[in-house]
Amino acid sequence: MEKYDLVVVGAGISGLSSAYHIKLDNPDLRICILDKWGTYAQGNTAKSDAAFRDVFTSDTNYKLASASISFYKDIQDKGFNLGMHSNGYLFLMDEERLNSEAVKKILKRVRSKIITREEIADLGIQVEPDPEASKIMNLRNISGGLVGENCGILEPDLLASYYFQQLNKLGAVFKFNTKVEKLNLAPRSRLNFPGEPFIWQDKVVESLHTSAGDISADQFLLATDVWTSDLLSPLGIDAFTQPKKVQVFQLQSDGISKMISRRVTGSEDIFPFTILPGPAIDLRPDPKSKTFWVSYSEGVGRAFGLEEDPIAEAEYYSNNLHTVLREYIPAFHDARMLASWAGFYSMNNMDGTYVLEKYMNLSVVNGSSGSGIMKADSAGRLASALFSGREKAKLYGNTEIDVADLGITNRNVDQEELII
Ligand SMILES: Cc1cc2nc3c(=O)[nH]c(=O)nc-3n(C[C@H](O)[C@H](O)[C@H](O)COP(=O)(O)OP(=O)(O)OC[C@H]3O[C@@H](n4cnc5c(N)ncnc54)[C@H](O)[C@@H]3O)c2cc1C
């Protein structure tokens, strides 16, 4: 049987970043990274809007995201293109939200500014949608916008390729088209009696049963996102997360093309990633195609559950998103849909951020809850500390964070007020 010091299951952004930081911290470790698909970053990482923001009220979210953003900027400044643009995040807000304590906190904490309703109207957005439609659809008048300036978009495949290339240089082994079917539990010290492990024996994960044969290691790390409970449940371990489907629709029109080149912050003529008030639909500009990717993270009304090959539902766009969009943004009236796709958030419904826990010789990095790209580098550094048994992880820029804060038993994550 093949044997490694550590096997990481999942070559999405969480697995890649975790493997990279563990390998950097332990250069002699023999690490193998497995994925069921033919190459890295084919899961939810590939489906992502890959927008990033440091605009968070929660200290934990702020630390995880701002340190990762600084790391990504540093990589790009050193010449590795991540397709990163600091075009900003624009939260469109009604009067109450604009004057909230959450906004005051953000303005003090991060590089950000308020823009007026006149400036917003000038961008091609209706600040007072039709009163009749507003009544029916719970639309809100826009009083102003909060602009996060250290925010923007990147390309998730380029970010993933950075970690992939670094891991190859460091000598990590990748095995693709290798699906883990089962984690094999065994006693730490074998007696070779039938029926082991017994309840009175210490247990470890001894090996993985995969589609390419069994693979053994001293340590394992699962970075399997929405598929984590498939592997943990048979062991009687709760993943504490649920899959939630999220759909993305790519829209084009002459009006949208013109909007995409409007600058609100930063040094490039690119529209900010924008969140509508009321139903918080988000608009992700794609500067290359001059289109918007439109998406909505649905709470009540969208069941938890996983499909192996999810597709976006055209009627979901026309009945739900388009009806709201055309009231706020006239450029969507005659917009054509060029493409659509769907993926899943691995939702931690307690506080909406990563969950890192270690069971026996098995570390688990899961629950990125729709913000895994913007927090992945910090998650990887936390995973390395968890793997090594260190109490604190040092994030990029030397901010420290207690590993247990992101765990289950002593979890200490403050609630986020600026939820999209
Ligand atoms: C539509 C959409 C929009 C998003 N927008 C944003 C955004 O704007 N900003 C942001 O920060 N985040 C966003 N996210 C979230 C972000 O994409 C995820 O948090 C992140 O990609 C999760 O990465 P991961 O590595 O944990 O999971 P994945 O990328 O899903 O990787 C998990 C990997 O595990 C592998 N795997 C699973 N089970 C097995 C098995 N049994 N055997 C072998 N391999 C296995 C899978 O093949 C997969 O490659 C979005 C997500 C979606 C779906």
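The values are calculated or read from the model by the stated rules, or taken from the named source; none is laboratory data. Remember, it's a predicted structure, so these values are computed and weren't measured experimentally. All Cβ positions, glycine included, derive from the backbone under ideal geometry; neighbour counts span all protein chains shown.
One table, with the values for the structure above:
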read-out: Scan of segment 368-420 for residues that are among the hydroxyl-bearing types (Ser, Thr, Tyr) and within 23 Å of Ser295 (Cβ to Cβ), ordered by number; value: Ser368, Ser369, Ser371
read-out: From the options Asp25, Asp49, Asp59, residue that is among the acidic types (Asp, Glu) and within 15 Å of the ligand (Cβ to nearest atom); value: Asp49
read-out: Candidate set from segment 197-249 (those that are among the aromatic types (Phe, Trp, Tyr) and more than 25 Å from the chain's Cα centre (by Cα)); member that is farthest from the ligand (Cβ to nearest atom); value: Trp200
read-out: Set Gly148, Gly79, Gly144: member being small (Gly, Ala, Ser) and exposed (fewer than 15 other Cβ atoms within 10 Å of the Cβ); value: Gly79
read-out: Flag for Lys175 being among the basic types (Lys, Arg) and in contact (Cβ under 8 Å) with a residue 12 or more places away in the chain; value: yes
read-out: Residue in segment 259-276 that is in a helix (DSSP H, G or I), within 19 Å of Asn87 (Cα to Cα), more than 16 Å from the ligand (Cβ to nearest atom) and not hydroxyl-bearing (Ser, Thr, Tyr) present; value: yes
read-out: Residue within segment 314-331 that is buried (at least 18 other Cβ atoms within 10 Å of the Cβ) and within 21 Å of Cys151 (Cβ to Cβ) present; value: yes
read-out: Condition check for Ile69: under 19 Å from Ser368 (Cβ atoms), buried (at least 18 other Cβ atoms within 10 Å of the Cβ) and within 16 Å of the ligand (Cβ to nearest atom); value: yes
read-out: Candidate set from segment 115-140 (those that are among the β-branched types (Val, Ile, Thr) and loosely packed, with under 15 Cβ neighbours inside 10 Å); member that is nearest to the chain's Cα centre (by Cα); value: Thr116
read-out: Residue list for segment 281-301, filter: more than 19 Å from the chain's Cα centre (by Cα), in a loop (DSSP other than H, G, I, E, B) and at pLDDT 95 or above; value: Pro287, Lys288, Ser289, Lys290
read-out: All positions within segment 373-414 that are small (Gly, Ala, Ser) and within 16 Å of Ser363 (Cβ to Cβ); value: Ala376, Ser378, Ala379, Gly380, Ala383, Ser384, Ala385, Ser388, Gly389, Ala393, Ala404, Gly407
read-out: Any pair with Cβ under 6 angstrom, 6 or more apart, that starts in segment 212-235 at a residue that is assigned by TED's automatic domain parsing to the domain that holds Leu183 and within 18 Å of Phe387 (Cβ to Cβ) and ends at one that is part of a helix (DSSP H, G or I) and more than 10 Å from the ligand (Cβ to nearest atom); value: none
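Condition check ((1) free of Cβ contacts under 8 Å to residues at least 60 places away in the same chain; (2) in the same structural domain as Val103 (by TED's automatic domain parsing); (3) within 16 Å of the ligand (Cβ to nearest atom)) across all residues:
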position: Asn366; (1), (2), (3): no, no, yes
position: Met374; (1), (2), (3): no, no, yes
position: Ser378; (1), (2), (3): no, no, yes
position: Arg381; (1), (2), (3): no, no, yes
position: Ser384; (1), (2), (3): no, no, yes
position: Ala393; (1), (2), (3): yes, no, no
position: Glu417; (1), (2), (3): no, no, no
